[in-house]
Structure formats: C-alpha cells, structure tokens
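A quick write-up on the structure given underneath.
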Amino acid sequence: MSTRVQSSGAGAVRTLLMFIVVAGLIIGTGFVQSWNTALVILGLGLISSIMALGLNLQWGFAGLFNVGVMGFAALGGLAAVLVAMPPTPGAFAAGGPRVALALLLGAATVGAGLFVWRKLPSGALRALLVFVVVLVGLVLFRRVLDPGVAAIEAVNPASTGYLGGFGLPVLIAWPVGGLLAAGAAWLIGKTALGLRSDYLAIATLGIAEIIIAVLKNEDWLTRGVKNVVGIPRPVPYEIELQRDPAFVERAASYGLDPVMASTLSVKLLYAGLFAVVLLVLLVLSQRALNSPWGRMMRAIRDNETAAAAMGKDVTARHLQVFVLGSAIIGVAGAMLTTLDGQLTPGSYQPLRFTFLIWIMVIVGGSGNNFGSVLGGLLVWWLWVQVEPMGLWLMQVVTSGMADGSALKAHLLASAAYMRLMTMGVMLLIVLRFSPRGLLPER
C-alpha cells in the first residue's frame, strides 16, 4: 500500500514538473519573441490537446487504431458553417427542396439495398438484385440532385453559391460538431469494428479522405475550395474593442496601444474558452478512466479473449469508446474552424496532421489523459518553433559560405523540413528512453 502511495505521489510530482516546463516554454516565447505568438501557440495547443484527448480515449483506453482524425475534425468544421453562417438569400428556394429530396432518395436506396441483402439467401440472385436497386437509386439520386445543386451554386457564386447555415451562435456548433463526428464514427464502427485492427485503420483513413473530398467538391454545401469565410466569432472583434473608449483607456493604463491590446485580449478570450472546454473534457475523461467502465475498457484492451470469456461484449464496448473519442475530435475541429474564422477544406491533410496528433499521444503518454494534454501543448510548441530555429541554425552553419553557393542555398531551403525531421527524432528519443511516454499510464 505504501509503495502504491509513493508511486502515485511521484507521478503527481512528475506531472506537475512537466506542465511547469511546458508553461515555461510558452511564457518564454512571450518574452523572447512576442506575446501574440505565445497566445497563438497556446490557443492551437489547447485545441490539439483536445484532439489528442479524443484519440487517447480510443487508443489509450481501448487500443483502437484511428487514422482518420482529420476527417472527424473536418466534420466539426462543417458544423461551424452549418450552424453559425447565415442562410444564403434565395438559395434554398432555388434548389433546397430538390437537394433534400435527393438526400432522402439516397438514404432510401441504402436502406433498400440492405433490406434486400438481409432478406434474400446468399447467392447470385441476391447480388444481382442489390446491384439493380443501387443502380436505379443512384440514377434517380443524380437526376434529382444535379439540377438542385446547379440552381444553388448559381445564386451569387462570387461570394456565396451555397446554402449557408442557420445563423445560430457559433458556440452551438461545437457540440454539433461532436454529434456529426460521432455519427460518422458509428457508421464506421458498425462496419469495421469486430474485424482485425488493420481494417479499422483502413476504414478510418478512407472515410477521412471521402469526407474531405466531399467538402472540397460539393460547393452547394461548403463552397468547396473557394472556402467559407467570415464565420461569426464567440468573442468580440478587435475593431470593436478599439472603438470602445473604456477599453482604450484601460489599455493605456497598462502602457499598451489599442491595436496590440485588442489583439492580445481576443486571443486571451479564445484561450480561456478553449481551456474551459479542455478542463471539462479532461475531468470527464478522468472519471471515465477511473470508473468500472474505464477498468473494463483497459481489460478489453489488454486481453480481448479473456474479457470476452468473462461475458463482455467487446465489439459493443469498442463502438462506444470509438464514438466518444471521435465526438471529442469533432468538437475540437469545430473549435479550430471557429478560431480561424473560415472553413478551408484544402488545408485538411489527413495523413500529415493525423500523424501529428498521434505523436502528441505517444510522446505525452498513451493511456494517460494528462499525458495527452501535455503532448498536445509540447508538440504544438515544437511544431511552431522548430522551423524558425532550423532557419537560424542553417544561417549559422552557412554563414561562412560564399553567396550563390549551391550547398548554402540547399541548406537554407531545407529549414522548411525541420519540422517533420524534429517530430521523427523526438518520437525516436522518447520511445528509446521513455517507451510509455513522458507521463506513463499508471
């Protein structure tokens, strides 16, 4: 008992020290570079920590290999558009009913195909009938959808050309983003869970690519690669603060000009909102981890066969945790789009940024919620700072070389790739000297 208490105390001290180090890095950035940069790192680091928390719920609790993190984050971004953007005048009247009818036809086609598949015995007849049902449904779907889409996209295409949203407060989009991601996760889980783990990885990656392809190409929904800009904020605009005499006077009392003060204030407000969401999710995740449900999930993760022999429904429990983790990632995706103020489907790169979130979980400590938060903050700080550090290092290395040297030009250009190299090197070092992460699971 005393050994367990000592171990718990040592773990708490280690956790505190690690977070102090990360806080020192961010505060040091404020002193050395600018507080604007430090607050940008903090805001995006908090969002990254929430994504890492969702992935840790899937991998650290249950051992589920999700390679589609950016797909679920993109659904969160879509929620921000659908909820917060105002409706485009005339767009729904032009083609909305046809699009709604086409979506119903698509759902009916899928349902009819599943019904035929389940009711008929296995054989060539079943396969033929399912093919006919899907083919007829697809033809009807396109004949109804295409004219409606063309009519919507013709409505003021220079600035809108899409349906728009419901014009609700953008904070509502955060839980809605979680619901959209949870729905997609449920569909993936019903298909791929219960099979080998590599099937889940393939399914999540494939679905992520499909989601992002839809966002890029369906202009009636998201304006595609033309992007949706001007998503409403949950915090004031800088110009509004600069026009407020009380704010200007308060900024002057701290020796700040109104422009800098308004910029820092907005970023602080965003960081405060993100920190509240992270704290709520962290508390809930910790309660789940220490509950009988959390102990059951770890037992399933460690030995599925033994857990199944004890009467646990492994597939159902995997589906639960997969949906919950994806919902958290969807919330983070909606927060990210809110912070950016725009939805840019072209910026979602499934493999690149999924890889980054995985590094956060592994470096922080798989199975430890505090480790995921630590990894999110630390890895994002490195992601932002490594490239300018690399450029400075290459400038020092090449300072003695002649101008116009091919080697000098090559070394200076390679600084842009320091981020990916640093992530790989850091991952190797952590796996070598602390295989369970900086904050190992207890």
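The values are calculated or read from the model by the stated rules, or taken from the named source; none is laboratory data. Remember, it's a predicted structure, so these values are computed and weren't measured experimentally. Cβ placement follows ideal geometry from the backbone for every residue including glycine, while neighbour counts extend to all protein chains displayed.
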Item checked: Selection count where residues are among the β-branched types (Val, Ile, Thr) and either closer than 12 Å to LEU324 by Cα or not in a helix (DSSP H, G or I) (or both), scope the range 44-68 -> 1
Check: Any residue in the range 408-431 that is in contact (Cβ under 8 Å) with a residue 12 or more places away in the chain, surrounded by 13 or more Cβ atoms within 10 Å (Cβ to Cβ), more than 28 Å from VAL13 (Cβ to Cβ) and touching a Ser or Thr at 6+ places or on another chain (Cβ under 8 Å)?
Finding: yes
Next item on the list: Pull up the range 80-107, narrow it to residues that are part of a helix (DSSP H, G or I) and out of contact with any Leu (no Cβ under 9 Å at 6 or more places or on another chain), then point me to the one that is surrounded by the most Cβ atoms within 10 Å (Cβ to Cβ).
Entry: ALA94
Note to self: Between a residue in the range 244-268 that is in a loop (DSSP other than H, G, I, E, B) and any residue that is crowded, with 17+ Cβ neighbours inside 10 Å and among the small types (Gly, Ala, Ser), which pairs come within a Cβ distance under 8 Å, given they are 6 or more apart or on different chains?
What the structure shows: TYR254/ALA261; ASP257/ALA251
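Tally the residues that are aromatic (Phe, Trp, Tyr) and either touching a Phe, Trp or Tyr at 6+ places or on another chain (Cβ under 9 Å) or crowded, with 17+ Cβ neighbours inside 10 Å (or both), restricting the search to the range 247-268.
Adding up the residues that qualify gives 1.
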Next item on the list: Take the range 408-442 and flag every residue that is assigned to a loop (DSSP other than H, G, I, E, B) and either touching a strand residue (DSSP E or B) at 6+ places or on another chain (Cβ under 9 Å) or more than 11 Å from ILE359 (Cβ to Cβ) (or both).
Entry: SER434, PRO435, ARG436, LEU438, LEU439, PRO440, GLU441, ARG442
Item checked: Hey, VAL397 more than 30 Å from PHE61 (Cα to Cα), among the hydrophobic types (A, V, I, L, M, F, W, C) and either in contact (Cβ under 8 Å) with a residue 12 or more places away in the chain or surrounded by 24 or more Cβ atoms within 10 Å (Cβ to Cβ) (or both) or not -> yes
Margin query: Quick test for you: out of ALA94, ALA80, ALA127, pick the one residue that is under 26 Å from TRP186 (Cβ atoms) and either modelled with pLDDT of 90 or more or more than 30 Å from the chain's Cα centre (by Cα) (or both).
Written below: ALA80
Note to self: Which count do you get for residues in the range 269-320 that are over 21 Å from GLN58 (Cα atoms), surrounded by 13 or more Cβ atoms within 10 Å (Cβ to Cβ) and of a type in the set (A, V, I, L, M)?
What the structure shows: 4
